[in-house]
Structure formats: structure tokens, C-alpha cells
1. Quick check on my filter: what residues within segment 87-103 are free of Cβ contacts under 8 Å to residues at least 40 places away in the same chain, open to solvent by 30 Å² or more (accessible area, probe 1.4 Å) and part of a loop (DSSP other than H, G, I, E, B)?
2. Where residues in segment 122-135 are assigned to a loop (DSSP other than H, G, I, E, B) and not small (Gly, Ala, Ser), which of them is nearest to Glu61 (Cα to Cα)?
3. Could you please find all residues in segment 116-146 being of a type in the set (Asp, Glu) and over 15 Å from Val74 (Cβ atoms)?
4. Considering each residue of segment 201-222, count those that are touching a strand residue (DSSP E or B) at 6+ places or on another chain (Cβ under 8 Å), farther than 16 Å from Gly103 by Cα and part of a helix (DSSP H, G or I), and give that number.
5. Against the condition β-branched (Val, Ile, Thr), touching a helix residue (DSSP H, G or I) at 6+ places or on another chain (Cβ under 6 Å) and over 19 Å from Tyr183 (Cβ atoms), how does Val131 come out, does it pass?
6. Inspect segment 104-121 for any residue being touching a residue at least 12 places away in the same chain (Cβ under 8 Å), closer than 23 Å to Arg83 by Cβ, open to solvent by 40 Å² or more (accessible area, probe 1.4 Å) and not in a helix (DSSP H, G or I) and give the result as yes or no.
7. Is it true that Arg84 is at pLDDT 95 or above and in a helix (DSSP H, G or I)?
8. Is it the case that some residue within segment 177-199 is in a helix (DSSP H, G or I) and open to solvent by 40 Å² or more (accessible area, probe 1.4 Å)?
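The values are calculated or read from the model by the stated rules, or taken from the named source; none is laboratory data. What you see is a predicted model; the values in this text were computed from it and never measured. Note: ideal-geometry Cβ built from the backbone for every residue, glycine included; neighbour counts use all protein chains shown. To get the accessible areas, we keep the full protein, side chains included, count just its heavy atoms, and leave off ligands, DNA and RNA. Shrake-Rupley method; radii C 1.70, N 1.55, O 1.52, S 1.80 Å.
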Amino acid sequence: MVIGGFLSKKCVLPSGGEWESAFSDEATESWTQQCSGREVWAPIVAVVGERLLRVHAFIDESKRGEYALCAVTVAAGDLTALRRQMNALRPPGHTRIHMTGVGKKLAPKIVSDVARLEATSRIYLMSSRKVNERQARDATLAAAVRDLTQMPVTNLVIESCDQDHEDNRIIRGELGGAAPFRYTHDRPSNPLLWIPDVHAWAWGRGGSMRAKIAHRITVVRV
């Protein structure tokens, strides 16, 4: 399996039943009809042989000097294992992993273990000196959504806060009425939302923490 965050790769797409079963979601139906049995340049996140996998995305923000919005992408088939692995990393007595509250002793292990998981991300950065936080979130979220439309994403989950309504407005503005994937907000207790928290925190921390996980992250300045 090759996992590459927001990667373009030339591949030969299979025709017939195998291709149709790989893309059974309505969100990918039109792509299937257009590309089946032809050689194309396809944005991918996961390839197993000649079959593309459906992908889920998870978004969280971080504020450390400059605004960062982290979009993690994972193969749909890895969701159950990733939930289990993230729950196993949750510190005793904590209801979730939130890196600002983890502590210096546990942080290196959590970052190292998350870096070994099959999850890649893009971190969208914007200087908070130029705009306020809401404007930075609007710009970085819009950029992330545009990139996700170039991938076989079927589901996007954003960590819920007091800005969900504005987030939805930005997403609708980018996608219009016919969104190519489902999108929703979920509570911070969702273990898969802990992954972008770890990625963004480790990158913002810099030094050895960033080095542990840098191979999983692509940085985009907005």
C-alpha cells in the first residue's frame, strides 16, 4: 500500500466490476464513469495494486504564533484500526488526546506512535498578524476543501466548536450544492480527530517533535 497525502500518480484504472466495487459511493460515481478502463493522471491517497481506496478526512486547528489548520487523510479501510490505536495512546484519566494537556513525559511517545500510523496530512498555515483568526480559518479551510475535492474523499469530519455555522458557509461556497463528499462536525471525543491535533501540535512545536512526524506532513502557506 502506498499512502501519499495529496499525491498525483499515473496509473492504469481497471474496467468492469473491480473498478465499480472500488468506487461504490455516489460521490465517486461520475469519476468512475469518466475514467473506467483508461490511463489517466489521478489524484490519489491510497493505492493497492490497481485499485484506489476511498478516503476519509479529519480537520482540526492549532494556534501557535500563526494559524494552522490540519487536514489528515486516511484510507476508509483503516478507520477501525486507527480508532483503536488512538484510544490506546490516550493518557490515563484523560477523555481524549489534546496535546496541549498531555505533558512533557508522554508527548514524545504519542508523537512517535502517531507518526507510525497510516495517516498523512496537509497543514495550512497563515500568519495571524495579517488577519484575525476567523479570517485565517476561512482561508485555510477553503484551501483544504479545494484540495480534498481532488482526492477520492467520501467523508470529511471537522472538530466542532462555536464556529460550525461559519465553517459550513465556507464549505458550501467552495463546493456549491453538489458536494463530492459528505461533511460534518463532530465532538473532540472522536479519536480520529486526535490525529490532526497531534500532527499540528508536533509541527508547531518544532525541533525533535517536528522531526519525528515530518515525513507524514506537507505544509501549505495560504
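1. Pro92, Gly93, His94, Gly103
2. Result: Asn132.
3. Matches in segment 116-146: Glu133, Asp138.
4. So the answer is 2.
5. So Val131 fails the test.
6. Checked segment 104-121: at least one residue is touching a residue at least 12 places away in the same chain (Cβ under 8 Å), closer than 23 Å to Arg83 by Cβ, open to solvent by 40 Å² or more (accessible area, probe 1.4 Å) and not in a helix (DSSP H, G or I).
7. Criteria met by Arg84.
8. no
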